[in-house]
Amino acid sequence: MADPGETLRVIRKYGFHFQKKYGQNFLIDSHVLEKIVRAAQITKDDFVLEIGPGIGTLTQYLAFYARRVAAVEIDKSLIPILEDTLGEYPNVTVINEDILKVDIAGLAERENGGRPVKVIANLPYYITTPIIMGLFESHAPVESMTVMVQNEVARRMKEQPGSKDYGALSLAVQYYAEPYIAANVPPNCFIPRPTVGSAVIRLKKHPQPAVAVRDEQLMFALIRASFNQRRKTLVNGLANGMELPFTKEQLGEMIAGLGLPAAVRGEALSLAQFARLSDRLSEALGEKQGR
Ligand code: SAM
């Protein structure tokens, strides 16, 4: 089905109408499908969770290379189409659900003996970040995610300090996983064509988060506060963006204590530096509360 003619034939046969609200851009390029499968390093041992199978184009590839595939599709008008296009693949289960509501740990338990699953998707772009961060933060057993996202989002996930695309998303993703951009994909590889370029990115989950930190939530609150006011110095970002029981001078001393210049901006800090600052703050909060 990975060509425009066949995709259009299936769509017409079922009188299917694309729904913009579901981010429906179907892949029509077999080279891109092969790149996704290769980047995901699928083997016959793997249980794959596909998010948003559409008319099943990528799903057929996954079914061929993996042991089992569960494909979660929100749009019920696609279900009869998937029954048809995936009819010859007994190792595929289609689940008509919103991925944000699926119990992935339960699915991995039932279908994969609790072992980690590989997530693969041409993601609906309107919920890229909630899907990816939801999968990380729920601590569901996921080995890797190989996903098509907007080009710009892929870049932001991979960036290091000092770049304009470096931000809260880079730090959150890199805390949990190692990003690798496997392909850039132009709009003409989809029907209908998206308005922006896309990229396939693989996020291989670290066995342990990339840095050890006393209070994960405090570190991410710190990161958000620093990048919400990107042009401000770190000390101002923290003083204005968080309700901390410290004066600006005290915050400045903690920052200086880490060997950072007083006027440093959050965008210059690495994940390890945010973790050290978070630990320092967490200790100081503990001392204040007499712990
Ligand atoms: N995998 C197909 C392909 O590559 O041709 C379709 C990809 S299309 C970009 C995204 C798919 O995700 C659509 O089929 C859409 O209906 C589905 N989708 C959108 N929101 C979803 C959600 N919350 N849960 C599950 N599927 C969703």
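Within the stretch 152-177, if we keep just the residues that are closer than 10 Å to E267 by Cα and of a type in the set (G, A, S), the residue that is most open to solvent (accessible area, probe 1.4 Å) turns out to be G162.
This table checks each residue for (1) in contact (Cβ under 8 Å) with a residue 24 or more places away in the chain; (2) farther than 24 Å from A177 by Cα.
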| site | (1), (2) |
| --- | --- |
| K205 | yes, no |
| R214 | yes, no |
| K248 | no, yes |
| G252 | no, yes |
| G259 | no, yes |
| Q273 | no, no |
| L277 | yes, no |
| A284 | yes, yes |
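Residues of the stretch 223-245 that are open to solvent by less than 30 Å² (accessible area, probe 1.4 Å) and more than 28 Å from the chain's Cα centre (by Cα): V235 alone.
For D29, state whether it is closer than 20 Å to V196 by Cβ and touching a strand residue (DSSP E or B) at 6+ places or on another chain (Cβ under 9 Å). So D29 passes the test.
The condition of being within 27 Å of S170 (Cβ to Cβ), within 11 Å of the ligand (Cβ to nearest atom) and open to solvent by less than 40 Å² (accessible area, probe 1.4 Å) holds for L58. Filtering the stretch 115-136 to residues that are open to solvent by less than 30 Å² (accessible area, probe 1.4 Å), within 12 Å of the ligand (Cβ to nearest atom) and in a helix (DSSP H, G or I) leaves I127, T128, I131. The number of residues in the stretch 100-114 being closer than 24 Å to Q24 by Cα and in a loop (DSSP other than H, G, I, E, B) comes to 2.
A quick yes/no check of all residues on (1) away from the ligand (no atom under 13 Å from the Cβ); (2) among the hydrophobic types (A, V, I, L, M, F, W, C); (3) without any contact (Cβ under 8 Å) to a residue 40 or more places away in the chain; (4) open to solvent by 40 Å² or more (accessible area, probe 1.4 Å):
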residue	(1), (2), (3), (4)
E6	no, no, yes, yes
R9	yes, no, yes, yes
Q19	no, no, no, yes
G23	no, no, no, no
V69	no, yes, yes, no
K76	no, no, yes, yes
L82	no, yes, yes, no
E88	yes, no, yes, yes
N91	yes, no, yes, no
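Within 12 Å of the ligand (Cβ to nearest atom), at negative phi and surrounded by 14 or more Cβ atoms within 10 Å (Cβ to Cβ): is that true of E97 in this structure? Spelling it out, it is not the case that E97 is within 12 Å of the ligand (Cβ to nearest atom), at negative phi and surrounded by 14 or more Cβ atoms within 10 Å (Cβ to Cβ). I'd like to check something: does the stretch 207-222 contain any residue that is among the aliphatic types (A, V, I, L, M) and open to solvent by 60 Å² or more (accessible area, probe 1.4 Å)? Among the residues of the stretch 207-222, at least one is among the aliphatic types (A, V, I, L, M) and open to solvent by 60 Å² or more (accessible area, probe 1.4 Å), which makes the answer yes.
The values are calculated or read from the model by the stated rules, or taken from the named source; none is laboratory data. From a predicted model like this one, the values you see are computed outputs, not experimental measurements. As a convention, Cβ positions derive from the backbone with ideal geometry for all residues, glycine included, and neighbour counts pool all protein chains shown. Keep in mind that these areas ignore ligands, DNA and RNA; they rest on the heavy atoms of the full protein, side chains included. Shrake-Rupley method; radii C 1.70, N 1.55, O 1.52, S 1.80 Å.
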